[in-house]
Amino acid sequence: MMQKNEKKLVKIKYNHDNKEYIILNKCPHCNLDIHPTVENKYQFENKNFKLHILSLTCPSCRKDYFAVNDFREYVHGVDKYLFTIPEHSFHDESLIQNTSKKFQNLYTQSVNAELLGHEDIAFFGYIKSLEVLVKDIAIIEHPDSEDTVLFSSLIQCLEKFHSTNIHLFSKKLLEVLKNDYLHYQKGPEFYTYSELVKDCIDYFLLYLELLQKTFSLNERRSKEKEA
Ligand SMILES: [Zn+2]
């Protein structure tokens, strides 16, 4: 399975004013890997909470955003990260054109759920996103089978329409896609499965991108022939 770690959104340490904050490694506006500059900082505190907020500026697109951290004494490391305003959204231009709105919507919701620590919801979101993506691709490649594609399960669709790709998948990933929630929860490694599903989504996004390029290449070729 292809690894594209450099594309991954991760929480990173950011030092400012002798304090360690946790922020995301990418700008929520333009999605570029950045080292933002601090525009301002704010602190809010009551008997129960202690919030530190950085107002950051992206050096690339020059837009501002907020990163909110939990500074209560017993909160450490990446757990300090609460959220970013605005939320992270789907950015890759070519993929925005190529993927369906339904996929983009589900996928960004899943990413944001994961960032907020809602890992179970994120896990199901990623599996459903993968299902939408796999079906979108199957319909592009087999337009006559649209009904069959829509009424099959994710695993049926993979077996029937992506039989060459499925050989590339790990046994573990197939097991994860085949089983149900209660099965996954049996082991402590539950959360590592999300990574397998995310890698699989990355694989199909790349596959779709190449597929679209082949299509436009073919269109160009047939136009050239006509001319
Ligand atoms: Zn930016």
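Within region 119-130, residues that are at positive phi have Cβ atoms under 8 Å from residues that are among the acidic types (D, E) and surrounded by 22 or more Cβ atoms within 10 Å (Cβ to Cβ) in no pair, counting only partners at least 6 apart in sequence or on another chain. In the set L133, L173, L106, only one residue is closer than 19 Å to L210 by Cα, surrounded by 14 or more Cβ atoms within 10 Å (Cβ to Cβ) and in contact with a helix residue (DSSP H, G or I) (Cβ under 8 Å, 6 or more places away or on another chain); that residue is L133. Residue pairs whose Cβ atoms lie under 6 Å apart, sitting 6 or more positions apart in sequence or on different chains, and linking a residue in region 10-38 that is within 16 Å of F71 (Cα to Cα) and in contact (Cβ under 8 Å) with a residue 24 or more places away in the chain to a partner that is of a type in the set (V, I, T) and within 16 Å of the ligand (Cβ to nearest atom), are Y14/I23; H16/V38.
Residue by residue, here is whether (1) away from the ligand (no atom under 16 Å from the Cβ); (2) at pLDDT 95 or above; (3) out of contact with any strand residue (DSSP E or B) (no Cβ under 7 Å at 6 or more places or on another chain) holds:
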site	(1), (2), (3)
K8	yes, no, yes
Y14	no, yes, no
E20	yes, yes, no
H29	no, no, no
H35	no, no, yes
V38	no, yes, no
C58	no, yes, yes
D64	no, yes, no
V75	yes, yes, yes
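Scanning region 74-103 for residues that are closer than 24 Å to S55 by Cβ and either out of contact with any helix residue (DSSP H, G or I) (no Cβ under 8 Å at 6 or more places or on another chain) or acidic (D, E) (or both) gives V75, H76, G77, V78, D79, K80, L82, I85, P86, E87, H91. Looking only at region 77-96, residues that are within 13 Å of the ligand (Cβ to nearest atom) and among the hydroxyl-bearing types (S, T, Y) come to 2 in all.
Among residues of region 57-72 that are among the small types (G, A, S), those with a Cβ under 8 angstrom from a residue that is part of a loop (DSSP other than H, G, I, E, B) and within 9 Å of the ligand (Cβ to nearest atom), sequence gap 6+ or separate chain, pair up as S60/C27; S60/C30; S60/L32; S60/I34.
The values are calculated or read from the model by the stated rules, or taken from the named source; none is laboratory data. Predicted, not measured: the structure shown is a model, and the values here were computed from it. Here Cβ is always computed from backbone atoms with ideal geometry, including for glycine, and neighbour counts include all displayed protein chains.
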